[in-house]
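The values are calculated or read from the model by the stated rules, or taken from the named source; none is laboratory data. The structure displayed is predicted, hence computed values, not measured ones. Every residue, glycine as well, gets a Cβ built from its backbone with ideal geometry; the counts of neighbours run over all protein chains shown.
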Amino acid sequence: MRGLRTIALAALVVLFPTAASYAQAGRGGAPPTPKAASPTDFTGYWVSVVTEDWLYRMVTPAKGDYSSVPLNPEGRKVADAWDPTKDEAEGNQCKAYGAPAIMRVPGRMHITWQDDFTLKIETDAGRQIRLLNFRGGSTGSGGEWQGVSTAEWEVVAGARGPVPGGGLKVVTTKMKPGYLRKNGVPYSANAIVTEYFDRVNEPNGDSWLIVKTIVDDPQYLAQPFITSTHFKKQADASGWNPIPCSAR
């Protein structure tokens with residue numbers, strides 16, 4: 001997968017047009033919408049498979065445990081002051097369910113098209129909703145847990161390998177400050193989240209969704225925080241169980 005990404009960065013990547021060009025009808029008629037032009041189908045129900053960081057995802061880590069997160073001194077100071085009781089009193093139980101962290105929270109997600117230009121991700125963990133917009137530019141005022149997400153199709157020209165057709169790149173900004181992990185490991189309102197969604201189809205019929213997440217936050221991180229999260233495709237909504245956010 002890393003090799004494929006390297007090839008993509010070596011100029012073999014073709015980005016599908018943004019909404020600005022979708023909206024302009026050429027002499028031959030308007031180009032297809034992002035939904036119609038989708039090179040890969042991400043819709044359906046997916047369940048997370050925890051293959052790394054089990055102790056930091058399946059249970060709430062101890063206060064002050066921020067192993068493998070490249071916090072700077074300011075970030076460590078904030079993490080060391082974590083107080084879940086205070087978060088609960090302030091109605092901030094969802095601080096660990098924002099865009100930089102929600103894909104790491106174990107659970108299920110449901111991906112659908114809200115309209116021809118918006119891909120919708122619903123999570124049962126924390127009952128969160130992400131809207132991935134293909135309209136180009138940062139649309140919306142932000143300030144909520146999921147911020148503002150701009151999406152574009154990423155197609156590897158002539159690729160051979162596990163990625164069927166191409167993937168999805170999403171950049172998210174304008175988020176409400178929150179936690180990278182439930183034990184208070186912080187990210188700021190100025191963080192930028194870049195995600196790459198790829199679908200892998202196995203010979204036995206299983207389908208996997210791999211999400212590479214890069215969090216850039218100079219306020220609290222000494223370097224980008226990078227994770228890779230895995231989901232397995234489900235045949236239906238079995239196990240779907242929306243639950244509210246938890247601060248602990």
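From the set of residues in segment 132-145 that are within 23 Å of Lys182 (Cα to Cα) and either more than 15 Å from the chain's Cα centre (by Cα) or surrounded by fewer than 22 Cβ atoms within 10 Å (Cβ to Cβ) (or both), which is modelled with the lowest pLDDT?
Within segment 132-145, the subset within 23 Å of Lys182 (Cα to Cα) is 142-145.
If we keep only those that are either more than 15 Å from the chain's Cα centre (by Cα) or surrounded by fewer than 22 Cβ atoms within 10 Å (Cβ to Cβ) (or both) too, we end up with 142-144.
Working: Gly142: 79, Gly143: 87, Glu144: 96.
Only one residue tops the list, namely Gly142.
Within segment 175-198, count every residue that is within 14 Å of the chain's Cα centre (by Cα) and among the charged types (D, E, K, R). Write out each step before concluding.
From segment 175-198, those within 14 Å of the chain's Cα centre (by Cα) are 175, 180, 191-198; that's our starting set.
Narrowing the set further to residues that are among the charged types (D, E, K, R) leaves 195, 198.
Final tally of qualifying residues: 2.
Residues being in a strand (DSSP E or B) and in contact with a helix residue (DSSP H, G or I) (Cβ under 6 Å, 6 or more places away or on another chain): count how many of those fall in segment 183-212.
From segment 183-212, those in a strand (DSSP E or B) are 185-187, 192-201, 207-212; that's our starting set.
Subset that is in contact with a helix residue (DSSP H, G or I) (Cβ under 6 Å, 6 or more places away or on another chain): 185-186, 211.
Number satisfying all stated conditions: 3.
Tell me the residue from Ser207, Ser238, Ser188 that is farther than 22 Å from Glu144 by Cα, hydroxyl-bearing (Ser, Thr, Tyr) and surrounded by 14 or more Cβ atoms within 10 Å (Cβ to Cβ), please. Talk me through it step by step, then tell me what you get.
Values: Ser238 fails: surrounded by 14 or more Cβ atoms within 10 Å (Cβ to Cβ); Ser188 fails: farther than 22 Å from Glu144 by Cα.
Checking each option against the conditions leaves just Ser207.
What residue, of Ser68, Ser48, is closer than 28 Å to Pro106 by Cβ, crowded, with 17+ Cβ neighbours inside 10 Å and modelled with pLDDT of 70 or more?
On the way: Ser68 fails: crowded, with 17+ Cβ neighbours inside 10 Å.
Just a single option satisfies the conditions, and that option is Ser48.
Please determine whether any residue of segment 127-147 is outside any strand (DSSP E or B), under 18 Å from Phe197 (Cβ atoms) and of a type in the set (A, V, I, L, M).
So far as segment 127-147 goes, no, none of its residues is outside any strand (DSSP E or B), under 18 Å from Phe197 (Cβ atoms) and of a type in the set (A, V, I, L, M).
Pull out all pairs, ordered by first then second residue, where Cβ-Cβ is under 9 Å, the residues are six or more apart or on different chains, the first lies in segment 186-204 and is closer than 18 Å to Glu74 by Cα, and the second is basic (Lys, Arg) and at pLDDT 95 or above.
These pairs meet every condition: Pro186/Lys95; Ala189/Lys174; Ala189/Lys176.
If I filter segment 88-100 for residues that are under 19 Å from Asp198 (Cα atoms) and either outside any helix (DSSP H, G or I) or modelled with pLDDT of 95 or more (or both), do I get at least one hit? Spell out the reasoning first.
Initially, segment 88-100 is screened for residues under 19 Å from Asp198 (Cα atoms), giving 99-100.
Right, trim to either outside any helix (DSSP H, G or I) or modelled with pLDDT of 95 or more (or both) and you get 99-100.
So far as segment 88-100 goes, yes, one or more of its residues are under 19 Å from Asp198 (Cα atoms) and either outside any helix (DSSP H, G or I) or modelled with pLDDT of 95 or more (or both).
Do you know which residues across segment 37-62 are in a loop (DSSP other than H, G, I, E, B) and farther than 21 Å from Thr227 by Cα? Write out each step before concluding.
Start the filter on segment 37-62 by keeping residues that are in a loop (DSSP other than H, G, I, E, B), which leaves 37-43, 50-53, 58-62.
Selection gives Ala37, Ser38, Pro39, Thr40, Asp41, Thr43.
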